[in-house]
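All remarks here apply to the structure that follows.
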Amino acid sequence: MSHPVAWHELAALTSAQRTTLLTRSEADLGPFLEKVAPIIEAVRIEGDEAIARFARDFDKAPVEPDKLAATPEDFDEAFRVLDPELIETLRYSADNIRRFHEAQMPPEMWMKEIRPGVLVGERTTPIDSVACYAPRGKGSFPSVTLMTTIPATVAGVPQAILLTPPGPDGRVDAATLVAARLGGVEKVFRVGGGQAVAAAAFGTATIPKCMKIVGPGSPWVVAAKRLLSDRIDPGLPAGPSESIILADETANGRIAALDLIIESEHGPDSSAFLVTWSRDVAEAARSAIPEYWRQMSELRVGFSATVLGGSSGGIVLTRTPEEAYAFINDYAPEHLQVISKEPHEHLSHIRNAAEILLGEYAVGSIANYMMGPNCVLPTSGWARTHSALGVRDFLKTSTVGHLTRRAFDEMAPHTHRFATYEGFDAHANAVSAMRLAAWRVN
C-alpha cells in the first residue's frame with residue numbers, strides 16, 4: 001500500500017491552515033487531564049497498591065505492590081543477558097554524555113566586587129531529590145535513561161531515582177537497567193504514566209517523594225505533571241517527538257528524506273517537517289520517502305506515514321529562505337537539522353530551536369544516542385523559552401552578598417530613600433540612625 005506524503009506550499013496556506021501546521025498533538029490536554037485526575041488521587045490514597053493495580057490494568061504487567069523496586073539481582077541479570085556489544089555501545093554513549101555535562105557544570109561559587117566593599121555572587125548546590133522518567137509505551141528507551149540520570153549524578157543530586165513502566169512480563173527493560181547503573185542510579189521502580197508522576201509527587205511506602213521530575217512522556221504524563229505542578233517541579237515540558245529538517249538548494253534531497261523519517265517513526269503523535277525553498281530538493285525527498293519506508297517494519301511505517309501524511313508533518317515549501325526561517329522560529333522545534341553545504345550560514349537566522357544539528361553528518365539519530373548533548377528537549381513550542389535538559393536542571397543557585405562597613409555607609413542612604421518612597425518603615429529603619437545607635441550600645 002502506498003502512503004502519500006503531505007505537501008504544504010506555505011504561501012498558499014490560509015492563516016488557519018498555517019496555525020494547524022504549528023499545532024502539536026498535545027495542545028488539547030483536556031481529555032487527559034480529566035482521566036488522569038482519579039489516577040493521581042488513587043495513588044495519593046492507596047500508594048503502592050494503586051500503582052500495582054494500574055500496572056496490571058494499563059501495562060498488562062504482573063506487578064505486585066511489594067515488588068515495585070528493581071533489585072540488585074535484576075541489575076546483575078540485565079548485565080548477563082544483554083548483548084555485550086550493546087553494553088559497550090551504552091558505555092560509549094554514557095562516556096560522551098558525561099563529558100558534555102561535566103563541561104556544563106558551573107563553578108561551585110563565584111563572587112565579584114561590584115563596588116568597593118560590595119561583594120556579590122552565586123553559590124550552586126544540587127536539588128535534594130529528582131525522579132528521572134524513561135517512557136516505554138512505543139518501545140524501551142535506555143537512551144533517555146542515560147540522558148536523565150547522567151546529568152543528575154554529575155550535578156551531585158543526593159537522591160536520584162528512575163521511574164519506568166514495566167514490560168508485559170512485569171520486568172524493567174534490561175538495557176534500561178544497564179543504562180541506569182552506568183548513569184549512577186540504582187533506585188529503579190516499575191511505574192509509568194500519570195501514576196509515576198503521582199508516586200514521585202506524593203511518595204509511597206516504596207517510592208520516595210521527590211522535589212522534581214524530568215524526562216519525556218505521553219500526554220498522560222504531561223497532564224499529570226500539569227495537575228501536580230504545585231506538588232512537584234514538573235521540569236521542562238517534554239512531550240511527543242518533533243523535528244524540522246531545513247534543507248537549502250545545496251542539500252541532497254534523498255539525505256533530507258532519510259533524516260526526516262527519524263522522528264516521525266516514534267509514534268502517530270509525533271511531528272516532522274522538511275522545510276525548503278528548493279522545489280527540486282522537495283521533490284527528490286518526496287520521491288525517496290516511500291523507498292525508505294520499504295526498508296522499515298510495518299509498525300514504524302505506520303507511525304511515520306501517519307505523521308508525514310497529515311498536518312503534523314510532510315514537506316513545507318517556501319518561496320524564500322526568510323519564509324523558511326520565520327516558519328521554523330514560529331514552530332520552535334524540539335530537533336532542527338540544517339542540511340546544507342554551508343550550514344553555519346543559516347545558524348544566525350534561527351532563534352527558536354531546542355537542538356540545532358549542522359550538516360548532513362550531524363544525523364538526528366547520532367545526536368539522540370551518543371553525540372553528548374541531551375536529547376531530552378522542550379516540545380510543543382516551548383523551545384521559545386526553555387533549554388535542553390542539562391546539569392542546570394538538577395542545580396539551584398543561591399545569591400550571596402557581603403558588605404564592608406564602608407560599603408554599608410555608601411548604600412544605606414540610598415536604601416533609606418528607596419524604602420521611604422515605597423512606604424516600608426522597617427526597611428528604612430534598618431538602615432537609619434537606629435542601627436547606628438544599636439551599634440554604639442554594643
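The values are calculated or read from the model by the stated rules, or taken from the named source; none is laboratory data. Small disclaimer: the values here were computed from a predicted structure and weren't measured. Counting neighbours? That spans all protein chains shown, and the Cβs are built from the backbone with ideal geometry, glycine included. Surface accessibility is based on the protein's heavy atoms, side chains included, excluding ligands, DNA and RNA. Shrake-Rupley method; radii C 1.70, N 1.55, O 1.52, S 1.80 Å.
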* Cα centroid separation, the range 119-138 to the range 55-109 (Å) -> 17
* **Leading residue at positive end of dipole, the range 49-204 (Cβ point charges), from 158, 55, 197** => 197
* Asked: What percentage of the solvent-accessible surface of the range 1-160, computed with a 1.4 Å probe over protein heavy atoms, is contributed by carbon and sulfur atoms?
  -> 53
* According to a simple spin-label model (label point 7 Å from Cα along Cα-to-Cβ), what is the distance in nm between residue 435 and residue 95? -> 5.6
* Label point 7 Å out from residue 442 along Cα-to-Cβ: which residues of the range 395-413 have amide N under 14 Å? -> 405
* Asked: Sorted by mean Cβ packing within 10 Å, highest first, what order do the peptides 142-152, 350-360, 376-386 take?
  -> 142-152, 376-386, 350-360
* What is the antiparallel percent of DSSP beta bridges lying wholly in the chain, to the nearest 5? -> 30
* **Residue order for 133, 421 - accessible surface, 1.4 angstrom probe, largest first** => 421, 133
* **Net charge dipole size for the range 49-196 [Lys, Arg +1 and Asp, Glu -1 on Cβ; Debye, nearest 20]** => 440
* Percent carbon-and-sulfur accessible area, the range 286-442, ignoring ligands, DNA and RNA, probe 1.4 Å -> 55
* Asked: Rounded if a/c is under 1.5, else prolate if a/b is larger than b/c, else oblate: which is the range 233-345, with a ≥ b ≥ c the root eigenvalues of its Cα gyration tensor?
  -> oblate
* Place +1 on the Cβ of every Lys and Arg and -1 on the Cβ of every Asp and Glu in the chain, take the dipole about the Cα centre, and give the residue among 428, 229, 250 whose Cα lies farthest towards its positive end. => 428
* the chain: angle of helix 321-331 to the longest principal axis, Cα-based, in degrees nearest 10 -> 70
* Asked: How would you rank 180-186, 331-337, 217-223, highest first, on the average number of other Cβ atoms within 10 Å across their residues?
  -> 331-337, 217-223, 180-186
* Which of the pairs 67/212; 67/396; 225/396; 35/225 have their Cα atoms more than 22 Å apart in this structure? -> 67/212; 67/396
* **Residues whose placed amide H lies under 5 Å from that of residue 310, excluding near-sequence neighbours** => 6
* Asked: Considering only protein heavy atoms and a 1.4 Å probe, what is the carbon-and-sulfur percentage of the accessible area of the range 179-235?
  -> 52
* Structure fact -> Between (i) 43, 32, 21; (ii) 36, 26, 20; (iii) 106, 29, 16, the structure-derived semi-axes √(5λ) of the Cα gyration tensor in Å is (i)
* Asked: Could the peptides 196-203, 280-287 be put in order, highest first, of the mean number of other beta-carbon atoms found within 10 Å of their residues?
  -> 196-203, 280-287
* Asked: In whole angstrom, how far apart do the alpha carbon centroids of the range 414-428 and the range 202-250 sit?
  -> 43
* **Accessible area per residue, Å², the chain with all protein chains present, probe 1.4 Å** => 47
* Asked: Nearest 20 debye, what's the magnitude of the dipole of the chain about its Cα centre given +1 on Lys and Arg Cβ and -1 on Asp and Glu Cβ?
  -> 1260
